[in-house]
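This report refers to the structure that appears directly beneath it.
None of the figures in this text is laboratory data; all of them are computed from the coordinates on show. These figures come from a predicted structure and were not determined experimentally. Note: ideal-geometry Cβ built from the backbone for every residue, glycine included; neighbour counts use all protein chains shown.
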Amino acid sequence: MTLPGAPFVARRGDALELDGHDLAELGRRHGTPLFVYSARAMRSALAAYVEALQGREHLVCYAMKANSSLAVLQLFARAGCGFDIVSGGELERVLAAGGTASKVVFSGVGKTRAEMARALRAGVRCFNVESEDELETLNEVALALALRAPVSLRVNPDVDARTHPYISTGLKDNKFGIAHARALAAYRRAATLPGLRVVGIDCHIGSQITQVGPYVEALDRLLDLVEAVELEGIPLHHVDVGGGLGITYADEEPPPAGTLVRALLQRLDERGHGARELLFEPGRSLVGNAGVLVTEVLVLKPGAEHGGRDYCIVDAAMNDLVRPAMYEAWMAIEPCRRRADATRRWDIVGPVCESGDWLGRERELALRRGDLLAVLSAGAYGMSMSSNYNSRPRAAEVMVDGERAELIREREALPELYARERLLDT
Ligand code: LLP
């Protein structure tokens, strides 16, 4: 039986499996907290975009902030993906994983000169420029290197993505992108700067978007600009619609990627832009449902009888998976071995010294100390947002693929946490 939203997670008897691999066994073998990913789930999520784009000029640039572990990047690079990056660190990871700079788009509201120079030398496909100031800086950096920077302007289309305010990025009072009303002037300016070469237009309106409507609205706003910019003799090769398609955590019903792609292609056709290259920057929808976080129950502290709450303290915490603490995100939690015992409504919390350190609240579960639990849909914005808060080492990661289960990241060793620190001399 597969579980809602996580088609590669299934129950076989009482055991919980990810693509046929027993999660309790993996947790015992590698220790916890442990992220486990399914390579097949990632490939199939990518295929949903690529298949719908067949016959069209396109590039899917995996937004690697969702999960930037090298083996994950390697998998997508091998599948022909490009990458959407937002820092020099992400560029180094792409290159270390065997990705190609010529398929990299470089987004981000605040790029340093050093990051720009490195990306220019590496030969990234384009800079998604987010302000008029950035155009000037990039021009200077490129001229100093005797190079021309390919640029696409990230336009803020002022479209409501209808998602959590922290992850909504395309409204006019968000910090991202160049205001739609300023964009034409910015393109005019870009076209006059000798260190720049205008190649496209892009936007990103938010994340965990569960409807097609806001995307089509944003595309329309972009196409209005494309037409205005090209009337001035500035050709735009590609249109990049950003990322953001949501996944199922609880009962969300986002459209399949193919539906989104087809709706956008249809809009391009209707407006006579069918030949234009279409770029996507999906993150969460490529990796989110492909991963789980396995954690062990350390302590059970039932308190409901005394007017308190029933606490289940596990060995994973907000430093491993911050989404519940940061966005009050609901993520499914399943026992790796189902028990027939009586259930309670447990608050599943971590050992970190913050009341905001929780993974799930009021979950009806039968638990014993030492049991393993899996937080589902943890493949996106889990490991990549992890920290060492409370001097907790970062978790290990395993990738399963067919029969194989490979360790792709060792658990951090404690001395690594302070290896770069120095004691005072005096
Ligand atoms: N492109 C740009 C420029 C972005 O800023 C983002 C995500 C993406 C693409 C990918 O969006 P996706 O397909 O993953 O929705 N930490 C939050 C999500 C933050 C998203 C930020 N930008 C979370 O855990 O919900």
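Here are some notes:
- Whole-angstrom gap from the range 1-66 to the range 120-162, using each part's C-alpha centre: 33
- Global form of the range 88-164, assessed from the alpha-carbon gyration tensor, a/c cut-off 1.5: oblate
- Enclosing the Cα atoms of the range 185-225 in their convex hull gives a volume equal to 81 cubic angstrom per residue.
- Once the chain from Ala144 to Ala47 is taken as fully extended at 0.36 nm per residue, the excess over their C-alpha distance is 30.8 nm.
- Rounded tilt (10° steps) of 113-122 against the dominant C-alpha axis of the chain: 80
- In order through the range 182-187: 3J(HN,Hα) via Karplus (6.51 cos²θ - 1.76 cosθ + 1.60), integer Hz, x for Gly, Pro: 9, 4, 4, 4, 5, 5
- Here the Karplus relation 6.51 cos²θ - 1.76 cosθ + 1.60, evaluated at θ = phi - 60°, turns the backbone of the range 369-378 into coupling constants of 3, x, 5, 9, 10, 10, 8, 8, 6, 9 Hz, with x for every Gly and Pro.
- Shown here is the pair-distance distribution of the range 230-382: with all Cα-Cα distances grouped in 10 Å bins from zero up to the longest one, the shares run 10, 31, 23, 14, 11, 7, 2, 0 percent.
- Between Ile234 and Arg309, the modelled labels are 5.2 nm apart [label points 7 Å from Cα along Cα→Cβ].
- Check: the chain dipole with +1 on Lys, Arg Cβ and -1 on Asp, Glu Cβ, in debye: 600
- The angle between the Cα long axis of helix 132-144 and the longest principal axis of the Cα atoms of the chain comes to about 80 degrees, rounded to the nearest 10.
- Listing Tyr389, Tyr62 from fewest to most neighbouring C-beta atoms within 10 Å gives Tyr389, Tyr62.
- Taken along its three principal axes, the alpha carbon spread of the chain comes to 71, 64, 45 Å, from the longest extent down to the shortest.
- Rounded to whole Å, sorted largest first: equivalent-ellipsoid semi-axes of the range 1-78, Cα gyration tensor: 28, 17, 8
- Using a Förster distance of 60 Å, the FRET efficiency for Ala179-Glu25 (Cβ separation, nearest 0.05): 0.65
- A protection proxy built from the mean count of other Cβ atoms within 10 Å ranks the segments 93-103, 411-421, most packed first, as 93-103, 411-421.
- Gain upon complete extension [Arg162, Ala413; 0.36 nm per residue less C-alpha separation]: 86.2 nm
- Ordered by the count of other Cβ atoms within 10 Å of each Cβ, fewest first, Trp358, Trp346 give Trp358, Trp346.
- Computed label-point distance, nm, for sites Ser102 and Asp251 using a 7 Å Cα→Cβ extension: 5.0
- Prolate/oblate/rounded call for the range 79-219, Cα gyration tensor, a/c under 1.5 rounded: oblate
- Here the 3J(HN,Hα) profile of the range 204-213, calculated from phi with Karplus coefficients 6.51, -1.76 and 1.60 at θ = phi - 60°, is 8, 9, x, 10, 6, 8, 10, 10, 7, x Hz, Gly and Pro shown as x.
- Once the Cα-Cα distance is subtracted from the 0.36 nm per residue extended length, the Ala15 to Thr343 segment shows a gain of 116.3 nm.
- Counting only residues at least eight positions apart within a chain, or on another chain, the lysines with an alpha carbon under 28 Å from that of Lys111 are Lys65, Lys103, Lys172, Lys175.
- Take every DSSP beta bridge whose two residues both sit in the chain; close to 50 percent of them are antiparallel.
- Here the residues Met385, Met399, Met64, ranked from fewest to most Cβ neighbours within 10 Å of their Cβ, fall in the order Met385, Met399, Met64.
- Segments 108-114, 328-334 sorted - mean Cβ within 10 Å per residue, highest first: 328-334, 108-114
- Other-chain or far-sequence residues with amide H under 5 Å of Cys336's (modelled H): Leu372, Leu373, Ala374
- Here the calculated FRET efficiency for Gln266 and Glu421, from their Cβ-Cβ distance with R0 = 45 Å, stands at 0.20, rounded to the nearest 0.05.
- Over the range 66-210, relative contact order from alpha-carbon pairs under 8 Å, at least 6 apart, %: 20
- When the Cα atoms of the range 169-255 are aligned to their principal axes, the ranges along those axes come out at 50, 22, 21 Å in descending order.
- Options Val159, Leu145, Thr112, ranked by Cα towards positive dipole end of the range 99-203, top entry (Cβ charges): Leu145
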